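Trainee: Here it is, the structure in full.
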Amino acid sequence: MSIRPTMDRRAFLYGASLAGFGIFCQGRNGRAAGVGPNDVIQVACIGVGGKGSSDTDHAGNHGRVVALCDVDDDTLKAKAGRFKEAKTFHDFRELLAALGDKIDAVTVSTADHVHAPASVAAMRLGKHVYCQKPLTHTVWEARLMRETARKHGVCTQMGNQGSATDGLRASVEILESGVLGDVAEVHVWTDRPREYWKQAPYITARPEGTFEVPARLHWDLFLAGAPERPYAPVYTPMLWRGWWDFGTGVLGDMGCHNTNVPFHGLKLGLPTRVSSTNGEINPETFPAWATVVYEFPARGGLPPVRLTWYEGAKDGKPNRPPADLFPAGFQPEDNGWLCIGTRGTMGSARGESKGRILWPEDRFKDFKAPAPTIPRIRGGKDNDDNHKLEWFQAIRAGKPEVAYSNFDYAAVQTEAILLGNIAMRTGETIEYDGATGRVTNSPAADALVKGTYRKGWEI
């Protein structure tokens, strides 16, 4: 059986122009440019509750946490109990102003709408950045993040921690080997939102009445650049993802995880067309379910790809790919993916890489995985910790490309994924020009590419 030679992994990573996305440069500030292989890396952590709690702990495993920032006093106090020498802040802008010359790197684990403002501000000071997924709240912000990281030469990593697993990297290597033939069809699914947060059909409007802001919560700082609105307990903590103004819905939560193998292995880049069939849309919260179709153009010797995304529950049943796509005995769980080629299919029963199988069985019964071409990460306490370790290794080496989910990759993956939310929200099939970052067939959809910011929070 002939195998297509493995292509250079960066060769097709997204040559789209970033023209029209100008940024204000404040210039390099502080220690980051001078970090050596044996230096202790000084880290500031922005958002230290929820996923930010483990992100902060992992930063402390590989560097020195010298600053903590959170809009919740209780969360901040709890994490300060572990990092007793770290200075504490509620406003990331104040943190960077006070310690910009004393830190090397920043973790950003806030609500989605604060990812880009905090990360861009840090990168403009020359700081290396680890930012949770999805990288940004809007399509335009993703482009800005990529360009800013390149401009300032900083090392970056997006927090889709499954990227660090051996299983994911092995799956990518199998796709790159060409053993499946030409892959033109991909299916990706998730069970969320389920019980993780509330959105439509359970919440479709802002709550009525007046609610007192808890003494522990700095509500105006939580809002950051989002449009002003009164506090209500349905937004935070950990409930913001289902609201258009703060989150990116299920696509944002799981898209950068579950599409990771096909994005890496098929070098998908940016789609040219995106459409969505979904539950009822309201101005405040994401729909109960959605099926989003992305159409990617040919890339070098690779054929066009149609990727279909399934989320939520429809008519009381999980929204999943058609049953006839799965082989007999394949039991897909809550999250997974299928890559269907002309010579065979590869799928994961669970998440990014677990439970991987290839079929038809008779064709692959003697299959041996190709020799590794992607480095494996060792030395962390678990895969999530390894994902941070890889970022620290990139910083020490002064090589952004060492981090597998660096912003050169992650910003384009995020940009592509978030186009699905625009198609969902407008109900239109959108035509996207990756060279200019514009929706070409709908002014309404194009207006959602960037969004707006409250005064004082502009990027």
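Trainee: Of the residues I340, I395, I374, which single one is over 19 Å from the mean Cα position of the chain (by Cα), within 22 Å of T56 (Cα to Cα) and hydrophobic (A, V, I, L, M, F, W, C)?
Mentor: After ruling out the rest, the residue left standing is I395.
Trainee: Turning to a different aspect of this structure: Residues that are in contact with a His (Cβ under 8 Å, 6 or more places away or on another chain): find the strands (runs of 3 or more DSSP E) completely inside the stretch 50-150 holding 1 or more of those.
Mentor: Output list reads 64-69, 105-108, 128-132.
Trainee: Moving to a separate point now. What are the pairs with Cβ atoms under 7 angstrom where one residue, in the stretch 63-80, is more than 20 Å from W219 (Cα to Cα) and the other, located anywhere, is among the β-branched types (V, I, T) and surrounded by fewer than 17 Cβ atoms within 10 Å (Cβ to Cβ)? Sequence gap at least six, or different chains.
Mentor: G63/V40; R64/V40; A80/T88
Trainee: Here's a follow-up. Restricting attention to the stretch 151-192, which residues are in a loop (DSSP other than H, G, I, E, B) and surrounded by fewer than 24 Cβ atoms within 10 Å (Cβ to Cβ)?
Mentor: G153, T165, G178, V179, L180, G181, D182, D191, R192 - these are the residues of the stretch 151-192 that are in a loop (DSSP other than H, G, I, E, B) and surrounded by fewer than 24 Cβ atoms within 10 Å (Cβ to Cβ).
Trainee: While we're on this one: Identify, by number, the condition in (1) of a type outside the set (V, I, T); (2) under 29 Å from A121 (Cα atoms); (3) out of contact with any helix residue (DSSP H, G or I) (no Cβ under 8 Å at 6 or more places or on another chain); (4) part of a loop (DSSP other than H, G, I, E, B) that L221 doesn't meet.
Mentor: Looking at each condition in turn, L221 falls short on (4).
Trainee: Ok, one more. Scanning for something touching a residue at least 24 places away in the same chain (Cβ under 8 Å), surrounded by 22 or more Cβ atoms within 10 Å (Cβ to Cβ) and of a type outside the set (A, V, I, L, M), does the stretch 224-240 turn up at least one residue?
Mentor: no
Trainee: Could we say that D366 is within 22 Å of G159 (Cβ to Cβ), surrounded by fewer than 18 Cβ atoms within 10 Å (Cβ to Cβ), over 17 Å from the mean Cα position of the chain (by Cα) and not hydrophobic (A, V, I, L, M, F, W, C) here?
Mentor: No, not satisfied.
Trainee: Applying the selection to the stretch 235-267, what residues are of a type outside the set (F, W, Y), part of a loop (DSSP other than H, G, I, E, B) and on the phi < 0 side of the Ramachandran plot?
Mentor: Just the residues of the stretch 235-267 that are of a type outside the set (F, W, Y), to begin with: 236-239, 241-242, 245, 247-262, 264-267.
Checking the rest, the ones that are also part of a loop (DSSP other than H, G, I, E, B) come to 236-239, 245, 247-248, 259, 267.
Matches in the stretch 235-267: T236, P237, L239, D245, G247, T248, T259.
Trainee: Sticking with this structure for a sec: Which residue pairs have Cβ atoms closer than 6 Å, lie 6 or more positions apart in sequence or on different chains, and pair a first residue in the stretch 184-197 that is without any contact (Cβ under 8 Å) to a residue 60 or more places away in the chain with a second residue that is crowded, with 23+ Cβ neighbours inside 10 Å and small (G, A, S)?
Mentor: Here the result reads W197/G242, each pair linking the stretch 184-197 to a residue that is crowded, with 23+ Cβ neighbours inside 10 Å and small (G, A, S).
Trainee: Which members of the stretch 121-133 meet the condition of being crowded, with 24+ Cβ neighbours inside 10 Å and more than 18 Å from T56 (Cα to Cα)?
Mentor: Answer for the stretch 121-133, where residues must be crowded, with 24+ Cβ neighbours inside 10 Å and more than 18 Å from T56 (Cα to Cα): just M123.
Trainee: Something else about it: Looking at V449, V439, V412, can you tell me which residue is buried (at least 19 other Cβ atoms within 10 Å of the Cβ), within 23 Å of K51 (Cβ to Cβ), β-branched (V, I, T) and touching a residue at least 12 places away in the same chain (Cβ under 8 Å)? Spell out the reasoning first.
Mentor: Working: V449 fails: within 23 Å of K51 (Cβ to Cβ); V439 fails: within 23 Å of K51 (Cβ to Cβ).
After ruling out the rest, the residue left standing is V412.
Trainee: Residues that are buried (at least 22 other Cβ atoms within 10 Å of the Cβ) and in a loop (DSSP other than H, G, I, E, B): does the stretch 303-314 have at least one?
Mentor: no
No lab work stands behind these numbers, since they all come straight from the coordinates. Source: prediction; values computed, not measured. Here Cβ is always computed from backbone atoms with ideal geometry, including for glycine, and neighbour counts include all displayed protein chains.
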